[in-house]
1. If you build the convex hull over the alpha carbons only and average its shadow over all orientations, what do you get for region 102-157? Give it in nm² to one decimal.
2. For region 375-533, give the magnitude of the charge dipole about the Cα centre (Cβ charges: +1 Lys/Arg, -1 Asp/Glu; no others), in debye to the nearest 20.
3. Rounded, prolate or oblate: which fits region 355-490, taking a ≥ b ≥ c as square roots of the Cα gyration tensor eigenvalues, rounded meaning a/c under 1.5, else prolate when a/b beats b/c?
4. At 0.36 nm per residue, and after removing the present C-alpha to C-alpha distance, how many nm does the segment from Ser546 to Arg230 gain when stretched out fully?
5. So who's got an amide H within less than 5 Å of the one on Ala382, skipping anything under 5 residues away but keeping other chains? H placed 1.01 Å off N, in plane.
6. Please work out how much length the chain gains when fully extended from Asp420 to Leu336, using 0.36 nm per residue of separation minus the C-alpha to C-alpha distance, in nm with one decimal.
7. Determine, from the Cβ-Cβ distance of Ala46 and Gln222 and an R0 of 60 Å, the FRET efficiency 1/(1 + (r/R0)^6), rounded to the nearest 0.05.
8. Given axes a ≥ b ≥ c from the Cα gyration tensor, I'd like to know whether region 349-400 is rounded (a/c under 1.5), prolate (a/b larger than b/c) or oblate.
Amino acid sequence: MRYLWWLVRCQPWRVLRGSLLGTAWMVGLSARPYLIARAVDDGLRAHDTRALALWVAAIIVAGVALSYLGIMRHRTMTFLREDAKARSAEVLLRHLSRIGAVLPRRVATGEVSTIGGSDIDWSAQVLTLTGPGVGAVVAYGVIAVVLWSISPMLALCVLVGVPVVGLVVGPLLRRLERAESVYRKQQGALTARSGDIVAGLRVLAGVGGRDLFARRYAARSQDLRAEGYRVGAVNSWIDAATVAIPGLFLAAVVWLTARMAVSGDVTVGELVAVYGYVATLIVPVWFLMESSYELIPGRVAARRIADLLNVAPDDVGGPGRRWPGSVPDARRPGALAAPAGPADLHDPATGLTVRAGRLTGVAADDPAAAVALADRLGRYVASETTWGGVPLSGIALDEVRSRILVADHDSYLFAGTLRDILHASEAAETDDDRLDAALRVASAEDVVDALPAGLDTPIDARARTLSGGQRQRLRLARALRTEPEVLILVDPTSAVDAHTEARIAERLRAARAGRTTVVIATSPLLLGRADLVAHLGAGRITATGSHADLLDQDADYRHLVARGSEDPDIEQPTDTEGAYR
């Protein structure tokens, strides 16, 4: 509810305008029954043609005015909802880009997709309460007052009847909220499963697991369909109640008024007016019920959005609320000062120390341990890693991200021209010299030359039209293009051939001379160019030294990098599928 209230506070004048227009439209609906009553009593019954003409003209003018108010109300509320959708999308995208690699560890991809695809719409729909919802409450009160002037008993019927309607529908709404929450959760899980299956379809087909996962997906789909039926059943009862209860209420009031007209307690014109008032009352009652119905999925959606916006553990700037109104990390009180210049990175969990200005290679027995090490060095998980003796988790996140870059071998490639994909920022888009240098180090010039328009060639998302080795070299070029102070590469050449890998290794060493670089890989071609190589086994650094020294002194290291070759002293190329794939 706090998130929904934030959406309201972001556009107060539009909310006020929608409330005023909604109220004027709702109250205006009750004007026509009064005008019709006057036309009947003062015109028809009195046989006064002039009075009848005047009241008919007033009815026409009221109809035109109500049409205009209805158009403006609907237009204002549409603007209000669309603005809320845009704000939710903006704050979500900003937050997702800020937490970066933390997101897939905390929230499934399908969950994010569901929130961005439908929950934003549901949360914005709730804002209808601020327009017609407010007008419905005011119109309800106005009609009750008008009916009191005709008959206090009729007014009491209205004042008591509408709350009774709410009491009847209330339990259904609570049941709907529970069913809706379960359904949306299962929907997100199923979307995540479908994404995983599509992403690994080639691997599943290769190991014969496609049919197994297809059957599991079909079973989960059946469960989701059954839950959808339960949600639909509650919805059908609410829809039926929304139409039937106001209709029964109208019939009861009209029957009571007709008996009063027969007994002479009210005039024929007042009978018509009462019928019009109560018929008009159906509109605000329907809006109230509809808004209450929309509030349920809207609250569920807002809760899911808030949960996603609250994904901000210690490793990305401290716990606590991280959605609109929270303090950005760069201005977080108590942030420690980062080292003024190049400094050593130390990871107590493994005992690794990355010396400033040197090329360090890390060969890990366990791929998961290698990825975890990169995450700690880049501050993507909570850790006790220090940078120049300063706790990395205490430094402002913006400072860390601008100076330390972790480049994964399978990082995402967005759609756009190749030039847009490779440029790190808009400010650097005209600096093609650095881009050409990065492409040369990554041995990716041939990739550019093979494209029809070179760097200006449009590339689809994930660059599916390129081979795995081409994509990997472009990722490496993108990372080198940023020229970070500390560059951490995770298996950057796992999908390229041996000759290309040898060129990359030699050029990488020259290009990063004097700057801190960490290469996490088991490729002897890369490790052989490192100033210092560390062997990571069982979660700890077991040996350090040059590549040649470790080959001679560490049998486990020799077995890891040689990969069963007859001569372990020969620098063998990495297999093209990659050790960490």
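Readers should treat all values here as calculations from the given coordinates under stated rules, not as data from a laboratory. Because the structure is a prediction, the values reported are computed rather than measured. Heads up, the Cβs are rebuilt from the backbone with ideal geometry, glycines too, and the neighbour counts pull from every protein chain shown.
1. Working: hull surface 23.9 nm².
Over all viewing directions, region 102-157 projects a mean Cα-hull area of 6.0 nm².
2. Values: 20 positive and 25 negative charges, 79 e Å.
With Lys and Arg at +1 and Asp and Glu at -1, about 380 debye.
3. prolate
4. My answer for the length gained is 107.3 nm.
5. Counting only residues 5 or more places away or on other chains, the set is Asp315.
6. 26.8 nm
7. Efficiency, rounded to the nearest 0.05: 0.30.
8. Values: a/c = 2.05, a/b = 1.38, b/c = 1.49.
Oblate shape, in that a/c is at least 1.5 and b/c is the bigger or equal ratio.
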